[in-house]
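Notes follow once the structure below has been shown.
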Amino acid sequence: MTVQGSIIFIIAVVAACMDLVSTKIANKWIYLSWVVGLGYQIGCHGYRGILLFLVGAVIPLLALAILFLFRMLGPGDIKLFSALGGIMTTGAIWKCMALSFLFGAALSLGFLIICGNIKSRLRYFTAYISKTIQTGQITSYYRPGNQPENIHFSIPILMSAMLFAGGFY
């Protein structure tokens, strides 16, 4: 495993553990991850590393803002993607996000099948879309509480980060 892969792996593991224990990823961890990422990029690329870090860190913030707006993805998950993006190449963070959503979809589908509530979740989704279109108001899609369909998205992010750390992309 490369130094870059090791850093990515450690950041993702700690974030996932935090999320599982407290349902939040501490901002202090994200800030430290950004500092480590910036230091890594500067160490590898000199002053050019600052630009590489900023581009990689901003891509997830811009790309995933709409999901945060609809409360379909938490701020900690988006900041985690940002921290990882600051260390990865721009192509790698796009792959990381895409793979994370594929893993998230697979986990969600598995939970829905096990819990037997696929129909009720599809009704909830279509009702949410209809209400949003009819009222023009953006409300939270997320149902608070310990709902079986509310997955800790840091886990699919960790799964994708593990593939990166292992050299699969």
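Readers should treat all values here as calculations from the given coordinates under stated rules, not as data from a laboratory. Computed from a predicted model, the values in this text were never measured in an experiment. Because the Cβ atoms are built from the backbone with ideal geometry, glycine has one as well, and the counts that use them run over all protein chains shown.
Residues checked against (1) surrounded by fewer than 21 Cβ atoms within 10 Å (Cβ to Cβ); (2) of a type in the set (A, V, I, L, M, F, W, C):
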residue: G39; (1), (2): yes, no
residue: G46; (1), (2): yes, no
residue: I50; (1), (2): yes, yes
residue: L54; (1), (2): yes, yes
residue: L62; (1), (2): yes, yes
residue: F70; (1), (2): yes, yes
residue: G74; (1), (2): yes, no
residue: K79; (1), (2): no, no
residue: I87; (1), (2): no, yes
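Against the numbered list (1) at positive phi; (2) free of Cβ contacts under 8 Å to residues at least 60 places away in the same chain, R71 comes up short only at (2).
Hey, can you tell me all the residues within the stretch 16-31 that are small (G, A, S) and assigned to a loop (DSSP other than H, G, I, E, B)? Quick ask: steps written out before the conclusion?
Step one: filter the stretch 16-31 for residues small (G, A, S), giving 16, 22, 26.
Matches in the stretch 16-31: A26 only.
When P75, P60 are checked against the criterion of being out of contact with any Pro (no Cβ under 7 Å at 6 or more places or on another chain), of a type outside the set (D, E, K, R) and within 17 Å of C96 (Cβ to Cβ), P60 stands alone in meeting it. Tell me, yes or no, whether the stretch 89-100 has at least one residue that is free of Cβ contacts under 8 Å to residues at least 12 places away in the same chain, loosely packed, with under 14 Cβ neighbours inside 10 Å, among the β-branched types (V, I, T) and in a helix (DSSP H, G or I). Scanning the stretch 89-100, I find no residue that is free of Cβ contacts under 8 Å to residues at least 12 places away in the same chain, loosely packed, with under 14 Cβ neighbours inside 10 Å, among the β-branched types (V, I, T) and in a helix (DSSP H, G or I), so the answer is no. Only one entry of G37, G56, G43 meets the criterion of being in a helix (DSSP H, G or I) and either among the acidic types (D, E) or touching a residue at least 40 places away in the same chain (Cβ under 8 Å) (or both), and that entry is G37.
Quick grid of which residues meet (1) within 22 Å of the chain's Cα centre (by Cα); (2) more than 18 Å from T2 (Cα to Cα):
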{"residue": "M18", "(1), (2)": "yes, yes"}
{"residue": "K24", "(1), (2)": "yes, yes"}
{"residue": "K28", "(1), (2)": "yes, yes"}
{"residue": "G37", "(1), (2)": "yes, no"}
{"residue": "G43", "(1), (2)": "no, no"}
{"residue": "G46", "(1), (2)": "no, yes"}
{"residue": "L54", "(1), (2)": "yes, yes"}
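Taking every residue in the stretch 117-128 that is among the hydroxyl-bearing types (S, T, Y) and pairing it with any residue that is surrounded by 12 or more Cβ atoms within 10 Å (Cβ to Cβ), at least 6 positions away or on another chain, the pairs with Cβ-Cβ distances below 7 Å are Y128/Y141.
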